[in-house]
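Right, one structure below, let's go through it.
Rule-based calculations on the coordinates, nothing more; no lab input. What you see is a predicted model; the values in this text were computed from it and never measured. In this analysis, Cβ positions are derived from the backbone assuming ideal geometry, glycine residues included, and neighbour counts consider all displayed protein chains.
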Amino acid sequence: MKSDLPVDAAALESFGKKCNSLRKEIAKIVVGQDAVIEQLLLAILAKGHALLVGVPGLAKTLMVSTLSRVLHLGFKRIQFTPDLMPSDITGTEVIQDDPVTRLRAFKFLPGPIFSNLVLADEINRTPPKTQAALLEAMQERKVTIGGVDHKLPSPFFVLATQNPIEQEGTYPLPEAQLDRFLFLIKVGYPTDMEEDEIMRRSSLDMPELQTVLDGGEIEELQRMVRQILVSDSVLEYARKITRASRPGTEEAASFAGKWIQWGAGPRASTSLILSGKARAALHGRAHVTPQDIETVAYPVLRHRILPSFTAQADGIGPDDITRKILDEVKAKLPQNQSA
């Protein structure tokens, strides 16, 4: 995960200015939710997908649609419903008559997945077969129809939303499919002052937004993120965090057997490093610090740690377990390494 070509100061400064401009444009529409917006940016910069979870009315869809407006990218919104079919997402082949030869031939009509930024709204409302079609495209970045591979455009991101309280008529994503998302982002209620501002803006016209980045610039920023340096000590720290989440192993945290039914896999380790690099670049640093890893550990591990029945009965969730893991791993590190 190391890079031989560290990012120079000028490139990092330019990186920061572009990301700050992006945040300012989004803030014209979205009030507050700074942590959520930062995590969305981190997911994009790390070339990953994100799942936003929150109750209705917290501007999850608005955030994604606003992000699409300030990025010069193709955007498609898919409203997931119980009758949605895989071909409604990926596209399908139709028979057409050639106007010259008069011969019939199959022609592929691409679905809405063929866009740079795809909003999968209420992803848990569609059956597993349709969910699997989307998640396969997310992983492989291509769609296979009739034995022919069709590459998805680059850059390509899926930002999905999910309602955590309404479970009737839904199809929760299995853990193996949740693992395809880099982040699970929790969207919380606004503060008192933020809600006051939301109410005041509700009667105003939507402001005009300026486009900040295009596809080529985003890909350049993604390449720059991968050049951020990671020391051996930080790699070890991230590895220990992931391995501490696995009950029944030598490296498991002391409470893992009681509170964790299933721990995070190797994809969590790589996700910690990639998103840590993105956070370091976002904050103007050419190297990843332990603080970067600790900050991204929550959205990275939130959907990759399955609490046991005992933990659930005690009201202990994935974030509580992650916090305990971080405390225990840090306590075992040398003083200078945990700083």
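Near H287, the amide H atoms lying under 5 Å from its own belong to L229; only residues 5 or more places off or on other chains count, and H is placed 1.01 Å from N. In a simple Cβ point-charge model (Lys, Arg +1; Asp, Glu -1; nothing else charged), the stretch 25-82 has a dipole of about 240 debye relative to its Cα centre. Relative to the longest principal axis of the chain, what angle (0 to 90°, nearest 10) does the C-alpha long axis of helix 128-140 take? Taking the Cα atoms of the chain, the angle to 128-140 is about 80 degrees.
Only one residue of A278, G317, H303 has its Cα farthest out toward the positive end of the dipole of the stretch 228-338, where Lys and Arg carry +1 and Asp and Glu -1 on Cβ, and that residue is A278. Our coupling estimate for the stretch 265-273, obtained by passing each phi through the Karplus curve with A = 6.51, B = -1.76, C = 1.60 and θ = phi - 60°, is x, x, 4, 5, 4, 5, 5, 4, 5 Hz, Gly and Pro reported as x.
GNM on the chain, alpha-carbon springs under 10 angstrom: the most fluctuating residue among D179, D149, D319 is D149.
Could you check which residue among G276, G317, G147 shows the biggest mean-square fluctuation in a GNM of the chain with a 10 Å Cα cutoff? Greatest mean-square fluctuation among the candidates belongs to G147. Close amide H contacts of T126 (hydrogens built in the peptide plane, cut-off under 5 Å, sequence separation of 5 or more or a different chain): Y171. Among residues other than W262 with Cβ under 15 Å from its Cβ, the summed charge is +4 (Lys and Arg +1, Asp and Glu -1).
What is the fewest-to-most order of V118, V31, V94, V64 by other Cβ atoms lying within 10 Å of their Cβ?
Working: V118 27, V31 19, V94 10, V64 24.
In increasing order of surrounding Cβ atoms, one gets V94, V31, V64, V118.
When the C-alpha to C-alpha distance is required to be over 22 Å, the pairs from K277/K332; K60/K142; K151/K186; K18/K47 that qualify are K277/K332; K60/K142; K151/K186. For the stretch 228-338, what does the alpha-carbon gyration tensor say about shape, rounded, prolate or oblate, given a ≥ b ≥ c as the root eigenvalues, a/c under 1.5 as rounded, and a/b over b/c as prolate? Prolate. Dividing the summed -39500 (n - 2.57) terms of all DSSP H runs of n ≥ 4 by the residue count of the chain sets its mean residue ellipticity at 222 nm at -13500 deg cm²/dmol. Give, as a single signed number, the net charge of other residues whose beta carbon lies under 12 Å from the beta carbon of F114, with Lys and Arg counted +1 and Asp and Glu -1. After counting each charged neighbour, the total is +4. With a cut-off of 12 Å between beta carbons, the residues surrounding D88 carry a summed charge of +1, where Lys and Arg count +1 and Asp and Glu -1. Put simply, the amide H of I260, placed in the peptide plane, has neighbours under 5 Å in S308, leaving out anything fewer than 5 places away on its chain.
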